[in-house]
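The values are calculated or read from the model by the stated rules, or taken from the named source; none is laboratory data. Values in this document were obtained by computation on a predicted structure and should not be read as measured data. Here the Cβ positions follow ideal geometry from the backbone for every residue, glycine too, while neighbour counts run over all protein chains shown.
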Amino acid sequence: MSTTDNGRVAAVVIMAAGAGTRMKSATAKVLHPLAGRSMLSYAVEAASALEPEHLVVVVGHQRDQVEAHLSEIAPQVVTAVQEQLRGTGDAVRSGLVGLGELAGDVVVTSGDVPLLTGDTLRGLVEAHRGEGNAVTVLTTIAADPTGYGRIVRDGGEVTRIVEQRDAGETERAITEINAGIYVFDAQVLQAGIADLSDDNAQGELYLTDVIGFARGLGRRVGGSVLTDALQAEGVNDRIQLAALSTELNRRILRRWMAEGVTVIDPASTWVHDSVDLAPDVTLLPGTSLEGATSIASGAVIGPDTTLIDVEVDEGAHVVRTHATLAVIGPNAEVGPFSYLRPGTQLGVKGKIGAFVETKNATIGDGAKVPHLTYCGDATVGEGANIGAGTIFANYDGVTKSHTTVGKASFVGSDSVLVAPVEIADGAYVAAGSTITAAVGPGELAVARGQQRNIGGWVARKRAGTRTAAAAEEALRAEASTGQAATTQEDGQ
């Protein structure tokens, strides 16, 4: 027998077996994300706050997806299978099957209420115990209760829950509704589940019928009113998913703003639940921070920037940039229109500029890659400068190789560095060069064909074109200028 003499609840059962047909998705409903996490992960987090002896997730439709996800995010969770979707009573029955005889409290919640918090569940359990209830129902007040089960009370106790289709005129006027989250005395729940009947229009087993069972035993049924009604909102379609995603993002931003983060336009700023922000960070419009991104004090992010699993140090500025698994150093500058791929590390006061793509590249303190460059599989030393249009040619079709540009070196515009190659400290590469061999310290590397001008080529090869006409006009002007200069000289 499970006991709870340490104050923990005996079990939490999370119902997550539903088909979710209104989502119209190949992905299980409870796996759809909000703020970077699945709906189910929020339910597991809230349930875990109770430190239950048993945490059970009831799976059914698309169970393989759900079980695989749970094994990644919460391997301590036990899953139970609802073989046929025969209502909430059957779902809880399925969840209890493997637990044996229980003593204490059992909390029942759902996998599709992502705003529900652990604090709310703790408060519900405290109310349940304080009132000595056999069942405690989490309720809320709805401006429009249409479609929800109404809470019928007598002297403060809950006598029954009436579904919309069964409610009379008086009952339909009730605005207190069932949130679908409960605390049960374990023994009452197990006995009540065993007593359920599917003799109803839907042929299902209703968990709410346990309320009548408990009252038939002379036990008290209470209702705890949730003032934050959105915590009880469920997701059944993508419209509701978007609405709750927006609300969750609003709450995340509100929390960060209260801790000293400036968010210029909350409506266009999205921050995942897993992101960490320091005081005095500024987020400009169109910013999306995802995954394990962390932003240090004084950094300015945006506008129009997406950072995924990126570390940004103090005082850095990142504008109109997409970056993944990158590290941006203190007081560095990135953007606009930069693309930082995994493995990018930018040093103190370093710069990655406009239309630059980096990948697996370490760019040292004060080094600059300012314009129109691909810098992949590279080390750029402290204070080095990479000219516009430079290509780090890291792939030969079979192997990716590394390029090193030494400290304080300069690579001229429109150069190609063919890896593997090393440019030493204090070296220069002339503009337009294709470098295939090492460049030593203090050397200038010039690797381009000697310029040769072929006179009369346009007249011979492009006669009759606009180019030929322009050339003829320019030649006449040159000849005229030259003749005038000769006449002037003769006159002197």
Report, by residue number, each residue of the stretch 173-184 that is touching a residue at least 24 places away in the same chain (Cβ under 8 Å) and farther than 29 Å from Gly104 by Cβ.
Ile174, Thr175
If we keep just the residues of the stretch 185-226 that are among the hydroxyl-bearing types (Ser, Thr, Tyr) and touching a residue at least 60 places away in the same chain (Cβ under 8 Å), which is surrounded by the most Cβ atoms within 10 Å (Cβ to Cβ)?
Ser224
Looking at Ala332, Ala316, Ala354, Ala326, which one is closer than 24 Å to Ser401 by Cβ, in contact (Cβ under 8 Å) with a residue 12 or more places away in the chain and not charged (D, E, K, R)?
Ala326
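Return a yes/no flag: does the stretch 445-466 have any residue that is in a strand (DSSP E or B) and either within 24 Å of Val310 (Cβ to Cβ) or without any contact (Cβ under 8 Å) to a residue 60 or more places away in the chain (or both).
Quick first cut of the stretch 445-466, residues in a strand (DSSP E or B) only: 445.
Filter once more, so that each one left must be either within 24 Å of Val310 (Cβ to Cβ) or without any contact (Cβ under 8 Å) to a residue 60 or more places away in the chain (or both): 445.
The answer is yes, given that some residue of the stretch 445-466 is in a strand (DSSP E or B) and either within 24 Å of Val310 (Cβ to Cβ) or without any contact (Cβ under 8 Å) to a residue 60 or more places away in the chain (or both).
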Can you tell me which residue in the stretch 179-218 is nearest to Glu101 (Cα to Cα), limited to those that are at pLDDT below 90 and among the polar types (S, T, N, Q)?
Ser197
Which residues, counting only those in the stretch 344-365, are surrounded by fewer than 20 Cβ atoms within 10 Å (Cβ to Cβ) and in a loop (DSSP other than H, G, I, E, B)?
Val348, Lys349, Phe355, Asp365
Of all residues making up the stretch 104-154, the number that are farther than 18 Å from Met39 by Cβ and in a loop (DSSP other than H, G, I, E, B):
12
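Every residue, every condition in (1) more than 21 Å from Arg172 (Cβ to Cβ); (2) assigned by TED's automatic domain parsing to the domain that holds Ala214; (3) free of Cβ contacts under 8 Å to residues at least 12 places away in the same chain; (4) touching a helix residue (DSSP H, G or I) at 6+ places or on another chain (Cβ under 8 Å), yes or no:
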position: Val97; (1), (2), (3), (4): yes, yes, no, no
position: Gly100; (1), (2), (3), (4): yes, yes, no, no
position: Ala103; (1), (2), (3), (4): yes, yes, no, yes
position: Leu115; (1), (2), (3), (4): yes, yes, no, yes
position: Asp119; (1), (2), (3), (4): yes, yes, no, no
position: Val125; (1), (2), (3), (4): yes, yes, no, no
position: Asp144; (1), (2), (3), (4): no, yes, yes, no
position: Tyr148; (1), (2), (3), (4): no, yes, no, yes
position: Arg160; (1), (2), (3), (4): no, yes, no, yes
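Conditions tested, residue by residue: (1) assigned to a strand (DSSP E or B); (2) within 19 Å of Asp265 (Cα to Cα); (3) modelled with pLDDT of 95 or more.
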| residue | (1), (2), (3) |
| --- | --- |
| Leu289 | yes, yes, yes |
| Ala292 | no, no, yes |
| Leu307 | yes, yes, yes |
| Gly315 | no, no, yes |
| Ala323 | yes, no, yes |
Within the stretch 7-25, restricting to residues that are of a type in the set (Lys, Arg) and part of a loop (DSSP other than H, G, I, E, B), the one that is farthest from Gln65 (Cα to Cα) is Arg8
Check whether at least one residue in the stretch 331-343 is surrounded by fewer than 18 Cβ atoms within 10 Å (Cβ to Cβ), in a loop (DSSP other than H, G, I, E, B), over 18 Å from the mean Cα position of the chain (by Cα) and of a type in the set (Gly, Ala, Ser), and report yes or no.
yes
Residues of the stretch 83-103 being outside any loop (DSSP other than H, G, I, E, B) and acidic (Asp, Glu), in sequence order, are Asp90
From the residues in the stretch 127-142 that are out of contact with any Leu (no Cβ under 8 Å at 6 or more places or on another chain) and under 19 Å from Glu171 (Cβ atoms), which one is surrounded by the fewest Cβ atoms within 10 Å (Cβ to Cβ)?
Ile141
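Taking Ile328 as the residue in question, decide whether it is at pLDDT 95 or above and within 21 Å of Gly36 (Cα to Cα).
Judged against the criteria, Ile328 is not a match.
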Verdict on Leu226 being at negative phi and either under 19 Å from the mean Cα position of the chain (by Cα) or not assigned by TED's automatic domain parsing to the domain that holds Ala361 (or both):
yes
Of those in the stretch 308-323 that are more than 17 Å from Lys359 (Cβ to Cβ) and among the small types (Gly, Ala, Ser), the residue surrounded by the most Cβ atoms within 10 Å (Cβ to Cβ) is Ala316
What number goes with the only condition from (1) modelled with pLDDT of 95 or more; (2) surrounded by fewer than 17 Cβ atoms within 10 Å (Cβ to Cβ) that Ala427 does not pass?
(2)
May I ask you to list the residues in the stretch 230-249 that are under 15 Å from Thr109 (Cβ atoms), modelled with pLDDT of 95 or more and assigned to a helix (DSSP H, G or I)?
Gln231
Of all residues in the stretch 140-177 being more than 20 Å from Leu230 (Cα to Cα) and of a type in the set (Gly, Ala, Ser), the one that is modelled with the highest pLDDT:
Ala173
